[in-house]
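The values are calculated or read from the model by the stated rules, or taken from the named source; none is laboratory data. A quick note: this is a predicted structure, and the numbers were derived from the prediction, not measured. With ideal geometry, Cβ positions are generated from the backbone for all residues, glycine too; neighbour counts draw on all protein chains shown.
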Amino acid sequence: MDASSIAASLLGTRLTLWLGPTIAMPAPATIVQALAGVEVHLADTGYDGFELTFTVGRTGALAMDYTLMMNPLLRPSTRVVIQVWLGVFPQVLIDGFITQSMLNPGTEPGSSTLTVTGVDVRLMMDVRQMSMSYPAQAAEAIIYQIILSYMMFLGMPPQIMSPDPSVPPPTERIPVRADTDLAYLDALALRYDCVFYVEPTTVPMVNLAYWGPPLTLTAPQPALSINMGPETNATIRFQYDGRAPTMVAGLMLDKRTGLVMPVITPVSTRMPLSIMPPMLVQGPTMRMSAPHNAGNLDYPEAMLQAQALTNRTSYALKAEGELDMLRYGGVLRPRRLVGVRGAGFMLDGLYYVKDVTHTIKQGEYRQRFTLTRDGFGSLTPMVPT
């Protein structure tokens, strides 16, 4: 158990809510006192999102309206920062903006609720659609150019790791986009088997934007333990999807050389997390796909896209479960590794955290999660605890 776990068990968990038009500040007491529940969903694909539920009632001389409904801090476009304190150690779960609000009038006194939902700060990259071309620019330069225009919502330089350093000659191809900045960044990430996300740091309103390969080389988070008596801190169920893994095999016409070239990606190039990846688990029953959209590509580009498909589908083993917050004593983060122990050799070992949902109410803090990896059998005899 690390220092933050000890502090959490001794001092408990607290929550701080920040609200504001562009710069968020600690929420006023009237809003905090009405807060009944918080849910934050963090995932490696799509938006991160949050939901705030408030207990509301009619107030005033004539009791004609719900006071919180008139509060400008709970309207769409308000910036929201949700911060949890594990003992004396603060962690920001999400930094985003409100997108929707919903009032549910109750039939009993005190049963009416106001629910506001929103998504992370990438929302600001997804509000304006435009057409633009990038002649003689590599993918990394394009990505930098787009992300740096949103520094007011980030607060620190982005991390970009592009697998394609080539600069397309303007006489052959000019990268063109006709969508929002976020849609274009996501499309580039999908093409190269990369990810794009913005996640908060420990400092409110300071966010890190990352575009690059999935971070499977990070230090593992404290282990999830099952069937280990007093050391058990989670419940987990496992499932292997034999229809997910896909290899690419076929031919393509290289537009630059005019030659017919083979495109074959039998195995994933992601870091293996097990000793029995899909090729060993399934053998000849693995799905096979022809190269997609290879007619306008040269051979290296076609291979990159084919390998991206094989990589994305290689993590066929899924584990879903829930943390015992008092025993785990920390925040499980998506897009990183975590160890599992107590499930036996075939299922123990390291997993990639795909998503985590935090549910926080008075006297209750739950974390539900989804983990993935390529197959069976632990690669490591022990995992960090």
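Number of residues in the range 15-73 that are modelled with pLDDT of 90 or more, of a type in the set (Phe, Trp, Tyr) and in a strand (DSSP E or B) equals 3. Scanning the range 255-301 for residues that are touching a Pro at 6+ places or on another chain (Cβ under 6 Å) and more than 15 Å from residue 242 (Cα to Cα) yields one hit, 263. Contact annotation: residue pairs with Cβ atoms under 7 Å, 6 or more positions apart or on different chains, pairing a residue in the range 358-385 that is over 27 Å from residue 41 (Cβ atoms) with a partner that is β-branched (Val, Ile, Thr) and modelled with pLDDT of 90 or more, are 377/275; 379/275.
Could you tell me whether residue 145 is in the same structural domain as residue 207 (by TED's automatic domain parsing), touching a helix residue (DSSP H, G or I) at 6+ places or on another chain (Cβ under 9 Å) and under 27 Å from residue 208 (Cα atoms)? In short, no. No other residue among 87, 96 is buried (at least 17 other Cβ atoms within 10 Å of the Cβ), within 26 Å of the chain's Cα centre (by Cα) and over 21 Å from residue 210 (Cβ atoms) apart from 87. The condition of being polar (S, T, N, Q) and touching a helix residue (DSSP H, G or I) at 6+ places or on another chain (Cβ under 8 Å) holds for only one of 310, 285, 269, that being 269.
Out of 127, 121, I need the residue that is surrounded by fewer than 16 Cβ atoms within 10 Å (Cβ to Cβ), closer than 23 Å to residue 46 by Cβ, of a type outside the set (S, T, N, Q) and within 22 Å of the chain's Cα centre (by Cα). Which one?
On the way: 121 fails: surrounded by fewer than 16 Cβ atoms within 10 Å (Cβ to Cβ).
Going through 127, 121 in turn, just one is surrounded by fewer than 16 Cβ atoms within 10 Å (Cβ to Cβ), closer than 23 Å to residue 46 by Cβ, of a type outside the set (S, T, N, Q) and within 22 Å of the chain's Cα centre (by Cα): 127.
If you scan the range 221-251, which residues turn out to be touching a residue at least 12 places away in the same chain (Cβ under 8 Å), out of contact with any Ser or Thr (no Cβ under 9 Å at 6 or more places or on another chain) and not charged (D, E, K, R)? If the condition is that a residue be touching a residue at least 12 places away in the same chain (Cβ under 8 Å), out of contact with any Ser or Thr (no Cβ under 9 Å at 6 or more places or on another chain) and not charged (D, E, K, R), then 221, 224, 227, 228, 235, 236, 238, 239, 240, 251 are the ones that fit.
Condition check: touching a residue at least 12 places away in the same chain (Cβ under 8 Å), acidic (Asp, Glu) and touching an Asp or Glu at 6+ places or on another chain (Cβ under 6 Å). Does residue 254 satisfy that? Explain how you work it out, then say what you get.
Working: touching a residue at least 12 places away in the same chain (Cβ under 8 Å): yes; acidic (Asp, Glu): yes; touching an Asp or Glu at 6+ places or on another chain (Cβ under 6 Å): yes.
The answer is yes for residue 254.
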